[in-house]
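Encoded as structure tokens, the structure appears first; notes follow it.
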Amino acid sequence: MKKIIFILTLMAALFAVNAGAQPLRSASNSYIGKVESDGTIRNAYNGYAGKISSDGTIRNASNSYMGKIESDGTIRNASNASIGRVESSGTVRNASNAYIGKVESDGTVRNASNASIGSARGVKKTWAAVLFFFDFF
């Protein structure tokens, strides 16, 4: 009986550690990583891949500054150049304002041809766009 209680306690603790983490999946629904509630990005092996801070600052796995997501959805690189934008609807545009895809309300990420390239359910649209379209990680 003690062994069962220990196992249940251990499982509850592991669940609590991952609470708030949202999975990232490829177009074939394979698990490719997760985004934790504080913006920490982890790869499929649970390794640290970077972080998007609450102020929009984007850092890679070595903690180097990669860019920023501004409050209006503009995405800037480390040189502060605008490289794209995410509209409130989830529409993603590049620096030339060309449509390059969309992050749907359900987290489905689509390219310019409307093909699903992955999913990021429960992840902010701007964060999902950075992860799937702008290659920060």
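The values are calculated or read from the model by the stated rules, or taken from the named source; none is laboratory data. Everything quoted here is computed from the prediction, not taken from an experiment. As a convention, Cβ positions derive from the backbone with ideal geometry for all residues, glycine included, and neighbour counts pool all protein chains shown. Just the protein is used for accessible areas: all its heavy atoms, side chains included, with ligands, DNA and RNA removed. Shrake-Rupley method; radii C 1.70, N 1.55, O 1.52, S 1.80 Å.
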For this session: Among residues belonging to the stretch 125-137 that are part of a loop (DSSP other than H, G, I, E, B) and either farther than 23 Å from SER62 by Cα or of a type in the set (A, V, I, L, M, F, W, C) (or both), point out the one that is most open to solvent (accessible area, probe 1.4 Å).
Result: PHE137
Seminar exercise, completed: Taking the stretch 83-100 and keeping residues in a strand (DSSP E or B) and more than 19 Å from the chain's Cα centre (by Cα) leaves TYR99
Problem set entry | Single residue of GLY84, GLY67 found to be under 24 Å from ASP38 (Cα atoms), of a type outside the set (Val, Ile, Thr) and touching a residue at least 60 places away in the same chain (Cβ under 8 Å) | GLY67
Exercise. Are any of the residues in the stretch 12-21 at pLDDT 95 or above, among the hydrophobic types (A, V, I, L, M, F, W, C) and surrounded by 13 or more Cβ atoms within 10 Å (Cβ to Cβ)?
Worked result: no
For this session: Would you mind finding the one in GLY67, GLY84, GLY118, GLY73 that is closer than 20 Å to PRO23 by Cα, of a type outside the set (A, V, I, L, M), modelled with pLDDT of 95 or more and open to solvent by less than 50 Å² (accessible area, probe 1.4 Å)?
Result: GLY118
Problem set entry | Of the criteria (1) at pLDDT below 95; (2) open to solvent by 50 Å² or more (accessible area, probe 1.4 Å), which one SER89 fails | (1)
Exercise. Going by the conditions given, is ASN114 assigned to a loop (DSSP other than H, G, I, E, B) and within 15 Å of PHE132 (Cα to Cα)?
Worked result: yes
Seminar exercise, completed: For the stretch 66-82 the number of residues that are in a loop (DSSP other than H, G, I, E, B) and not small (Gly, Ala, Ser) is 3
Exercise. What number of residues within the stretch 19-40 are out of contact with any Asp or Glu (no Cβ under 8 Å at 6 or more places or on another chain), free of Cβ contacts under 8 Å to residues at least 60 places away in the same chain and assigned to a loop (DSSP other than H, G, I, E, B)?
Worked result: 6
Problem set entry | Selected residue (criterion: least open to solvent (accessible area, probe 1.4 Å)) from residues of the stretch 52-64 that are part of a loop (DSSP other than H, G, I, E, B) and either among the aromatic types (Phe, Trp, Tyr) or out of contact with any helix residue (DSSP H, G or I) (no Cβ under 9 Å at 6 or more places or on another chain) (or both) | SER53
For this session: Scan the stretch 101-111 for residues that are buried (at least 21 other Cβ atoms within 10 Å of the Cβ) and either among the polar types (S, T, N, Q) or in a helix (DSSP H, G or I) (or both) and report the count.
Result: 0
